[in-house]
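Encoded as structure tokens, the structure appears first; notes follow it.
The values are calculated or read from the model by the stated rules, or taken from the named source; none is laboratory data. Quick caveat, the model's predicted, so the values are computed rather than measured. Here the Cβ positions follow ideal geometry from the backbone for every residue, glycine too, while neighbour counts run over all protein chains shown. Accessible surface areas use protein heavy atoms only, side chains included; no ligands, DNA or RNA. Shrake-Rupley method; radii C 1.70, N 1.55, O 1.52, S 1.80 Å.
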Amino acid sequence: MSWITLDKINKLKEKFDYVEVVENDKGFHSVEVPKENFKSFLRFLKEDPDYQFKMFIDWTIIDHGAKADPRFQGVLILFSPEYRERIIVKTWATDETLPTLTDMWAGAKWAEREAWDMFGIKFEGHENLVRMFMWETYPHHPLRKDFPIKGYEEVELPSLNEKERADQLEGLQNYSRMHTALPTLEDLEITQKKRMPNKKSQVVLNWGPLHPGTHGTIWFLFDMEGEYVQECDIIIGQLHRGVEKLAENLNVQQIIPYTDRMDYIASINENHSVCVAAEKLLGIHEKIPEKAKYIRTMMAELSRINSHLLWLGTYALDLGALTMFLYTFREREKIMDIFEGITGARFTINYFRVGGVYADLPYGALDAIEHFLKDFPTRLKDYETLLTRNRIWLRRNIDVGIITEQDVYSYGLTGAVARASGVPYDLRMIDKYDAYGEVDFDVPVGEKGDSYDRYLVRIEEIKQSVRIVQQCIEKLRKMSKNDPFFYEPEDKKMKITIDGRGTKLFKGEVYAGADNPRGELGVYIYMPKDGIKPYRFRLRSGAFYNLQIFPKLMIGRPIADAITILSTIDPVVGETDR
Amino acid sequence: MGIKKVGLNRNVQPQTITEKIFFLDFMKGLKTTIKHLFRKVITVDFPFELVEPAPRFRGIHGLRNVDGTEKDDFEAWVKKLKIKPPEMGETRCIGCKFCQAACPVPEIFIIKTEKLDVPEDHPHHGLKVLSQFDMDLSKCMFCGLCTLACPTICIIHTDIYDLSSYTRRGWVLNKETLSKIADDFIARRGKEKYDDKSEWPDWQKIWDDADMARAKAWDNNPPKLGPNYADQQ
Ligand code: SF4
Ligand code: SF4
């Protein structure tokens, strides 16, 4: 497991007497540090040759309830690329403030804005601490425990209640006329101004929130000097639905359908992250039946192909190659057919469960997948002849949006974006969850970290996924139809059901996740005691942190590069906003 | 397992001079495009041509009626919940509300049972019947958890996906409508989805392989379906 060993943690304690070690029976040990020593301790962790925790993963808050004092706790997750280990460092946010980490990791910038937005924690020294998802004049901090799950219903919104001939719905299923707060145009203007406090030119170019090129509802602000971008900022949150808040009121199997709606292009992979994390918290990840492991690996890789095909199609479409879009959608259609047959849904799949999958493969499933794989490589070759060495493609991609290795660590970039910059960071290799330890595949890494490398890395990933799926099919063919696909706990205290009723989580904390097409979707679950509902359910979104580097890449580039850079970063708004 | 290096000059060669002068990259691309001119149409002419959803498809819900294919423990459940033993054609629902408990959005359901108003010597005295079962499908996310929770396989997903309505009222279905939807679905496709104990059999197919509309999307060359596992028929 890619976690810091108890040995190394104890050495930290010897060195700094203020460090408190929190041991965890599943191996996810963490350390607690007082706020005053927090920064100096982190500097040591980052720079000491024995630790080298230089990669930023996540930085978030736990609310311990209105009665607790101090109430809020900061949780920082770091990764050491040298030793392939993770660590959790915690600190108490006394007076509801914390020191900013933006001077050590650029990725903390958005993380801190999100923490301010959702919990109301002030970060001392942050350059522009504005809200992340909500508009600037919004009065509440929704992830605090005292914020009701329904929100405060403050405004009247009659249009939602229109009914034919004033026909009333009886009982509870009528809609309330009151709605939670909504931003007005003035609110949006204030938000926009605050995001770009030192704009230089007269006109700020707005791109989005509803523009086909933004692949969702992202709102870009460009401060232009002629064709060139001087400053850039992003307003997201139009699709924010508060999945983390919702998750705190559900059992873990019920959370899975909500994650379908995050990265809706690769919903299987989102499900996968939650399953892996919850299983690790329960300590059963190793005991999941073999069949379920292989089915999950196979489906996750098919979903990766599916997602990359959509990315390739829309990316080429944005750069002017319309036919690519039609070709990739043809292949996607077949994968969607396979998903529909196996799982029951084409898009919002909800097939994986904590403990396995909800049903065995239907008759003919493996044949259908094999049939798809048979002519897929030739199709992929077609795509490559159209694009890879096409001069327009080369011109528009090479040397556009170069991300260095340093950026990857500092911004916490993951997925194909990190790998294209030469960082072989892949959870499938590092964590070896499910059957990834038993199948053979290569992790593609790029050289320069420009858009062209990101393109090549994703194309290679598709090829590797095909390899993984083939190996899984081979393995599954040898199994019996009576093999279990769902884990039956031996432990009396544990209860896991396919439909989710009564599924319990154990006391403890865990950070785990899966490598998704859009980066690492990590799930951090914190449970102060055994229970059904997770106390804190943090979703560390890969797309969110990857998008954060966009302004940096855009500065000094012509506006036309915005399309290329955004497409190769490939965020999905459902996941950035959650 | 290893690391594969990709990049220009690594696995992709830059354009050569000949390629640049004679526009060979465009020629190759055009060849691919022209090849596609002679392919058959792969799109379906909706709504004149419809792809039949897979048996497992999670469409709008239905409430199954008693038809002789109940699970073995059906009677025990009926007894346990003090429900009037349903006759042929009456709903299988025993008002246990397991579906509501499993649902991430429990407000979808309104389930009520009521005591039968019969004299004391009547055999059904003290027993209950389902009086209300409303589902507001506008809030549903078709996740399928309710159908997995139902002990009597009463609530099921059908293959109907068009639930558009001009008003929100149209998405609230009551127990009569739901029963009708289920009856209709079972008559059409029950044999494909369930065995004679209402379980999903292992011969349940990924999709109907005789469906010509679906075959179109597979380049008119649909896969031949066969068993998955070594010991499957
Ligand atoms: S499909 Fe899911 S959301 Fe819809 S009623 Fe069933 S459990 Fe609830
Ligand atoms: S779980 Fe099934 S039997 Fe129980 S109330 Fe729901 S539909 Fe009726």
The range A:405-429, residues that are open to solvent by 10 Å² or more (accessible area, probe 1.4 Å) and either under 15 Å from A:F544 (Cβ atoms) or part of a helix (DSSP H, G or I) (or both)
A:E405, A:Q406, A:D407, A:Y409, A:S410, A:Y411, A:M429
Could you give every pair whose Cβ atoms fall below 8 Å, whose first residue belongs to the range A:459-488 and is in the same structural domain as A:I284 (by TED's automatic domain parsing) and β-branched (V, I, T), and whose second residue is surrounded by fewer than 21 Cβ atoms within 10 Å (Cβ to Cβ) and outside any helix (DSSP H, G or I), counting only separations of at least 6 or pairs across chains?
A:I459/A:T388
How many residues of the range B:106-129 are within 11 Å of chain A (Cβ to nearest Cβ), touching a residue at least 24 places away in the same chain (Cβ under 8 Å) and either surrounded by 17 or more Cβ atoms within 10 Å (Cβ to Cβ) or away from ligand 1 (no atom under 16 Å from the Cβ) (or both)? The answer is 3
The number of residues in the range B:85-95 that are within 16 Å of ligand 1 (Cβ to nearest atom) and open to solvent by 30 Å² or more (accessible area, probe 1.4 Å) is 0
Scanning the range B:149-158 residue by residue, those more than 10 Å from ligand 1 (Cβ to nearest atom) and buried (at least 21 other Cβ atoms within 10 Å of the Cβ) turn out to be B:T152, B:C154, B:I156, B:T158
Residues of the range A:321-372 classified as among the hydroxyl-bearing types (S, T, Y) and assigned to a helix (DSSP H, G or I), total
4
Please find, within the range B:1-15, the residue that is surrounded by the fewest Cβ atoms within 10 Å (Cβ to Cβ) out of those that are more than 41 Å from the chain's Cα centre (by Cα) and part of a loop (DSSP other than H, G, I, E, B).
B:N9
Take the residues of the range A:233-250 that are out of contact with any Ser or Thr (no Cβ under 8 Å at 6 or more places or on another chain) and part of a strand (DSSP E or B): which is farthest from the other protein chains (Cβ to nearest Cβ)?
A:D233
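One line per residue, one yes/no per condition, for (1) free of Cβ contacts under 8 Å to residues at least 40 places away in the same chain; (2) more than 7 Å from chain B (Cβ to nearest Cβ):
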{"residue": "A:L310", "(1), (2)": "no, yes"}
{"residue": "A:G341", "(1), (2)": "yes, no"}
{"residue": "A:N350", "(1), (2)": "no, no"}
{"residue": "A:V354", "(1), (2)": "no, yes"}
{"residue": "A:T385", "(1), (2)": "yes, no"}
{"residue": "A:Q406", "(1), (2)": "yes, yes"}
Is one or more of the residues making up the range B:136-148 more than 15 Å from ligand 1 (Cβ to nearest atom) and surrounded by 15 or more Cβ atoms within 10 Å (Cβ to Cβ)?
no
Conditions (1) open to solvent by less than 10 Å² (accessible area, probe 1.4 Å); (2) on the phi > 0 side of the Ramachandran plot; number of the one not met by A:A543:
(2)
Quick one: is A:N269 of a type outside the set (A, V, I, L, M, F, W, C) and at pLDDT below 90?
no
Identify all residues within the range A:89-110 that are crowded, with 21+ Cβ neighbours inside 10 Å, under 18 Å from A:Y545 (Cα atoms) and of a type in the set (A, V, I, L, M, F, W, C); write none if there are none.
A:L101, A:W105, A:A108, A:W110
What is the number of the single condition among (1) farther than 19 Å from A:C275 by Cα; (2) assigned to a strand (DSSP E or B) that A:I525 does not meet?
(1)
Considering each residue of the range B:51-77, count those that are away from chain A (no Cβ under 14 Å) and part of a loop (DSSP other than H, G, I, E, B), and give that number.
9
Which numbered condition in (1) open to solvent by less than 30 Å² (accessible area, probe 1.4 Å); (2) facing chain B (nearest Cβ under 7 Å); (3) acidic (D, E) is the only one that A:E447 fails?
(1)
Looking only at the range A:299-321, count how many residues are among the acidic types (D, E) and surrounded by 24 or more Cβ atoms within 10 Å (Cβ to Cβ).
1
Select from the range B:85-100 the residues that are within 7 Å of ligand 2 (Cβ to nearest atom) and not β-branched (V, I, T) and list them in ascending order.
B:R92, B:C93, B:G95, B:C96, B:K97, B:F98, B:C99, B:Q100
Residues within the range A:562-578 that are under 16 Å from A:I235 (Cα atoms) and either more than 17 Å from the chain's Cα centre (by Cα) or of a type in the set (D, E, K, R) (or both), tallied
4
Looking only at residues in the range B:210-233 that are more than 7 Å from chain A (Cβ to nearest Cβ) and without any contact (Cβ under 8 Å) to a residue 40 or more places away in the chain, which one is farthest from B:R39 (Cα to Cα)?
B:Q233
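Taking the range B:88-141 on its own, how many of its residues are aromatic (F, W, Y) and touching a Phe, Trp or Tyr at 6+ places or on another chain (Cβ under 9 Å)?
To start, the set of residues in the range B:88-141 that are aromatic (F, W, Y) comprises B:98, B:109, B:133.
Among the residues that remain, those that are also touching a Phe, Trp or Tyr at 6+ places or on another chain (Cβ under 9 Å) are: B:109, B:133.
Result for the range B:88-141: 2.
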For residues that are within 7 Å of chain A (Cβ to nearest Cβ), surrounded by 14 or more Cβ atoms within 10 Å (Cβ to Cβ) and free of Cβ contacts under 8 Å to residues at least 12 places away in the same chain, tally how many sit in the range B:16-50.
4
With the condition kept exactly as written, say whether any residue in the range A:389-402 is touching a strand residue (DSSP E or B) at 6+ places or on another chain (Cβ under 9 Å), open to solvent by less than 10 Å² (accessible area, probe 1.4 Å), more than 9 Å from chain B (Cβ to nearest Cβ) and not hydroxyl-bearing (S, T, Y).
no
Exactly one of B:Y161, B:Y166 is exposed (fewer than 14 other Cβ atoms within 10 Å of the Cβ) and within 14 Å of ligand 1 (Cβ to nearest atom), and that residue is B:Y161
Does A:V439 meet the test of being assigned to a helix (DSSP H, G or I), within 11 Å of another protein chain (Cβ to nearest Cβ) and either touching a His at 6+ places or on another chain (Cβ under 7 Å) or aliphatic (A, V, I, L, M) (or both)?
no
For residues that are in a helix (DSSP H, G or I), open to solvent by 10 Å² or more (accessible area, probe 1.4 Å) and within 14 Å of another protein chain (Cβ to nearest Cβ), tally how many sit in the range A:252-296.
4
When you check B:C103 against the structure, is it within 13 Å of ligand 2 (Cβ to nearest atom) and within 11 Å of another protein chain (Cβ to nearest Cβ), yes or no?
yes
Single residue of A:E136, A:E127, A:E112 found to be within 16 Å of A:Q238 (Cβ to Cβ) and of a type in the set (D, E):
A:E136
